[in-house]
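The numbers here are math on the coordinates, done by the rules we state, and not lab data. None of these values were measured; they are calculated from a predicted model. All Cβ positions, even for glycine, are placed from backbone atoms using ideal geometry, and neighbour counts span all protein chains on display.
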Amino acid sequence: MDAFNLAKERYAELGVDVEKSLQALASTPISLQCWQGDDVAGSENPNAALTGGIQATGNYPGKARNLTELRADLDQAIALIPGHHRVNLHACYADLGGKKVERNAYTIEQFASWVDWAKPKGLGLDFNPTYFSHALSADGFTLSHRDAGIRKFWIEHGIACRHIAAEIGKRLGKTVISNVWIPDGFKDTPVNRREYRERLEQSLDAVFAPAIDPALNRDAVESKLFGIGSESCVIGSHEFYLGYAVKKQKIVCLDAGHFHPTETLADKISSTLQFVPEVLLHVSRGVRWDSDHVVTLDDQTKALMEEIVRGDFLKRVHIGMDFFDASINRLAAWVIGARNTQKALLLALLEPTAKLRALEAEGDFSSRLAILEEAKALPFGAVWDEFCKRNNVPTGHKWLETVKSYEKTVLANRK
C-alpha cells in the first residue's frame, strides 16, 4: 500500500475523512499579492520612492520591470502552487498605456488588460485602492487629512476603485474583495486624535456611499498597529476599524503583521465574526515589527488556520497573502508563502475536529489534549504530496528546480 493510502487509514482511525479535507482545501483559493513581484513599485512610476511606511528590503536581481514581466512571473508562480487561486491587485498597477491618468480618474479601462489576462485562466481578482506613494499622501495623511481638497481626491479615488472592482467582478463572474488601507498617522504623540478619526469616518462614509452589488464587490477595511513614520499613532487602528465595520457591516481585514508581537491573531477571528459578516485574512509573518516576511509553516500560521476550521468559518474567511521580500528570489517567495499557507490549512482540515469537540463538550480535557498531541504525529506529508500530484504540481522541493531554471533563462536577463 502506498504512503497516501496508509495515511488515510491512520487519519480514519480518528474519524478524519481525508478526501473531504482535500476537497475543502481544493475549494479554498489563496489570493496572491501582485506586489511581491516588483517590491511594490507599481506601474505608475516604477522608479519612484515608496512612501506611506512601505519598505521592501533587499536587492535580489530579476524583479519585474513592467506589467508584462509581472504577469509572466505570476503565471510561473501559480503553476507551482496546487489548487485554483486569485490575484490581489493594487490600484497603482494600472495599465496606463503611456498616458497620464490621475488615481481619482481611474476606470476599468486601466485594468481591462488584467481582466483579459485573468479570465482565460479562471483566476479571480481582488482589489485595493492605493493611498501611498503619491504626491498627495507625501505628508502621511489621506482620508483623514486636514485639507478638504486632498480628502476629496482620496475619496474620489476610493469610489473609483469600488466601481472598478465591481466591473472586474462582473466581467470575471467572481466576487471581488476590495480592501481599504491608509497610511495615516503620527510619528510622535498627537494631541487631538479625535478630529482625525472623525474625518476618517466621514471620508469612509463618502467612499462607501455609492450602492454597489455585493455579488460583484465586497468592501473590507484594514487596521495597523504602527508603521514607519506612524510609530506613535495610526488613525485607522484596530479598534477604529472594528467599530466601523460592526456599525456598517463591512469585512474586517486582519493582517498577521499588523498587531503587537504578543497578541494572538487567531483568537480575534471568532470574536470578530460574532459581529461582522466576514473576515479578510492577510497571511504574513511579522518579525519584531511589521516587516512582512515570507510565510513559514510556523505556530502562528497554523493557529490561524486551526481557528478557521475549528470554528467552521471557512466560508466566511477570505485568505490572501501580504508580504514583499526583495532579499530572495521573488517567485520562490510567492511559492513558499502560498504553499505554507495551504499546508497550514490542510493540517487544520486533517484535525479530528468532531472528536475533539465531543471530548470538550463532555469536559474530558485530558483526552482532548492527548488527541491533539497525537494528531501532530500523523502522516500529513503524504496527504500534501497527494494534493500536489492531483493538481499536477511538483511535490516536495522539486518546484525549486523550475524556479531556478526560470531565474537563469528569464530573470537573469533583466538588468
Selected from Phe226, Phe127, Phe153 as most flexible by GNM, with the chain as the system and alpha-carbon contacts under 10 Å: Phe153
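Provide the net charge surrounding Glu156, with neighbours chosen by a C-beta distance below 12 Å and charges set as Lys +1, Arg +1, Asp -1, Glu -1. Write down the numbers at each step before the final one.
Numbers: positive: Arg103, Arg151, Lys152, Arg162; negative: Glu102.
With Lys, Arg at +1 and Asp, Glu at -1, the neighbours total +3.
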Distance cut-off 26 Å, Cα to Cα: go down the list Lys8/Lys121; Lys315/Lys343; Lys224/Lys415 and report the pairs above it. Lys8/Lys121; Lys224/Lys415
If you restrict to DSSP beta bridges whose two residues both lie in the range 168-266, what percentage is antiparallel, to the nearest 5? 25 percent
Magnitude of the Cβ-charge dipole (Lys and Arg +1, Asp and Glu -1) of the chain about the Cα centre, nearest 20 debye, reported as 900 debye
For the range 346-415 and the range 278-301, what is the separation of their Cα centres, given in Å? 17 Å
DSSP beta bridge pairing in the range 245-326, given as percent antiparallel to the nearest 5: 20 percent
Under a plain spin-label model, where a point goes 7 Å from the Cα along Cα-to-Cβ, how far apart in nm are Ala209 and Glu239? 2.9 nm
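Listed here are the pairs Lys119/Lys408; Lys119/Lys174; Lys248/Lys302; which of them are more than 20 Å apart at the Cα?
In this structure, Lys119/Lys408; Lys248/Lys302 lie more than 20 Å apart at Cα.
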With 10 angstrom as the radius, rank Ser137, Ser271 by how many other C-beta atoms surround their C-beta, starting from the fewest. Ser271, Ser137
Given only helices, namely DSSP H runs of n ≥ 4 each adding -39500 (n - 2.57), what is the per-residue ellipticity at 222 nm of the chain, to the nearest 500 deg cm²/dmol? -13000 deg cm²/dmol
Share, in percent, of DSSP beta bridges within the chain that are antiparallel, nearest 5: 15 percent
